[in-house]
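Note sheet for the following structure.
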Amino acid sequence: MFKRKTVFVLGAGASLPYGYPLGAELKTQMISLPDMTAVKFVDSCKFGREVHADFARRFRGSACSSIDEFLEVNKDCDALGRLLIAYFIMRRENTEWFPDGKPSDAHPFGNPSVWYDVVLNAMLGRWPTPRGNRLSFVTFNYDLSLEYFFESSLNARFGWSREKVADEMAGIPIVHIHGTVGNLGNRRYGETQNPDVIGEIAKSIRIFGDDEDGRRDEVALARHLLDESEFIFYLGFGFHDVNMKRLGWDASRYHDRAYACCLGLKGGMEHRLTHEYGIAKSNVYWNCRDFLEHSKEFVMCQQ
C-alpha cells in the first residue's frame, strides 16, 4: 500500500509497452495512412483523401517533430489533425495486450517493460482493495490504457464489475492534462468506433498551443497533487519546458522528492534534470519497470 502521498507523472514512454506510439511513429502514421483501414476512415469522414494529401504533404515537409508543433502554426489543419490523433490512438486499443503488454518478435508472450502491474501489486499487497492508497497519476497521454488495466485486472482478480472498480478506485485520481480519447464509462476499450463518434471524441483532444482555459481544472488539480506529495515519479516523460511550466514546477520546492525514469533521452539530460529541474535521481538507461523495481524510493513510499 502507498502510505505516503505519491504522484506518478506520465509521458508517452509510459504507455509504449501497451502498444501506443511515440511522437515520431504517430507522425509517420498520420502522414502515410499505413493500411486500407486508415484510408477508408479518411474517405468516410468529412475531409476526404484530397484534404488529407495536402495535410500529409505539408506535415512531412514542415520538419516539425510532432503534430502539436505543426498544428500550432497550421490552424487550417487543426480539425483533421485532432481527428487523426484520436483515430490512431484509439485504433491501438487491444484488450489482448493486458496485462502483459504488446508482444513483439523478440518477446512473443508480452513486453518485459510493462509496469502497471508493479504499481497495482504495491497498492494491494495483502490488502483486498485499492482503497486507502495515497496515490495519484498525472498523465500527458490521451490513451486510456491505465484505466483499462485497473478495470480488467481488478475484474480478473476479484470478479468486480466496472462500476465496482470505479467505486474502489474513486480515491485515486488519474488526471489527463491534454484530454482523453473518451472515457470507459461511455464505451468499451478496443471497441471499433464510427467516424462520427471519433469526431466527437477528437474535440476533447488538447495540444501544446491551446490556451489554458480548456485544461484549467486538470492543471490546478495536478499542481495541488504535486504540492501535497512526498514522492514524485516521472515515467516515460520528455520534460518539455511547456509541460513543466504547466505543472508549476519549482526545482527548489520539489528537489528532494522527485525521481525520473527517462529511457532514451539524449545524452546530458540527466545533468539538466538535476540542475535545472531539481530531480533528485534520474536514469536514462532503465525502462519504467526496471526503474521502479530497483528504486529504494518506490519502496519507501509504501512504508
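What pairs come out if I take residues in segment 110-125 that are under 15 Å from Glu151 (Cβ atoms) and pair them with residues that are of a type in the set (S, T, N, Q) and not in a loop (DSSP other than H, G, I, E, B) whose C-beta lies under 9 Å away, six or more apart or interchain? Correct list of pairs: Tyr116/Ser145; Tyr116/Ser153; Asp117/Ser153; Leu120/Ser153. Sort out which residues of segment 233-269 are under 21 Å from Gly23 (Cα atoms), in a helix (DSSP H, G or I) and of a type outside the set (Val, Ile, Thr), and write them in order of number. Answer for segment 233-269, where residues must be under 21 Å from Gly23 (Cα atoms), in a helix (DSSP H, G or I) and of a type outside the set (Val, Ile, Thr): Asp241, Asn243, Met244, Lys245, Arg246, Met269. You will find that of Val181, Val165, the residue that is surrounded by 20 or more Cβ atoms within 10 Å (Cβ to Cβ), touching a Leu at 6+ places or on another chain (Cβ under 7 Å), modelled with pLDDT of 95 or more and more than 18 Å from Ile85 (Cβ to Cβ) is Val165 and no other.
Those helices (runs of 4 or more DSSP H) of segment 33-94 in which at least 2 residues are surrounded by fewer than 18 Cβ atoms within 10 Å (Cβ to Cβ), of a type in the set (A, V, I, L, M, F, W, C) and outside the structural domain of Val197 (by TED's automatic domain parsing), considering only elements entirely within it, cover 36-44, 48-61. Taken over segment 257-272, residues that are at pLDDT 85 or above and not small (Gly, Ala, Ser) amount to 3. Within segment 289-303, residues that are assigned by TED's automatic domain parsing to the domain that holds Glu230 have Cβ atoms under 9 Å from residues that are among the acidic types (Asp, Glu) and in a helix (DSSP H, G or I) in these pairs: Arg289/Asp117, counting only partners at least 6 apart in sequence or on another chain.
Restricting the search to segment 191-216, which residues are within 27 Å of Cys288 (Cβ to Cβ), in a helix (DSSP H, G or I) and either of a type outside the set (A, V, I, L, M) or not assigned by TED's automatic domain parsing to the domain that holds Glu293 (or both)? Within segment 191-216, Arg215 is the sole residue that qualifies. For segment 145-168, a residue qualifies if it is in a helix (DSSP H, G or I), free of Cβ contacts under 8 Å to residues at least 40 places away in the same chain and small (Gly, Ala, Ser), and the qualifying residues are Ala156, Ala166. Reported count of residues in segment 111-144, each being of a type in the set (Ser, Thr, Tyr), surrounded by 22 or more Cβ atoms within 10 Å (Cβ to Cβ) and either touching an Asp or Glu at 6+ places or on another chain (Cβ under 8 Å) or assigned to a strand (DSSP E or B) (or both), is 2. Only a single item in (1) surrounded by 18 or more Cβ atoms within 10 Å (Cβ to Cβ); (2) out of contact with any Asp or Glu (no Cβ under 8 Å at 6 or more places or on another chain); (3) within 23 Å of Pro173 (Cβ to Cβ); (4) not aromatic (Phe, Trp, Tyr) is not met by Glu230, and it is number (1).
So which residues in segment 273-288 are modelled with pLDDT under 80 and of a type outside the set (S, T, N, Q), if there are any at all? Listed by number, the residues that qualify are Val284, Tyr285.
The values are calculated or read from the model by the stated rules, or taken from the named source; none is laboratory data. Predicted model only: the values in this text are computed from it and were never measured. Note that each Cβ is placed from the backbone with ideal geometry, even for glycine, and that neighbours are counted across all protein chains shown.
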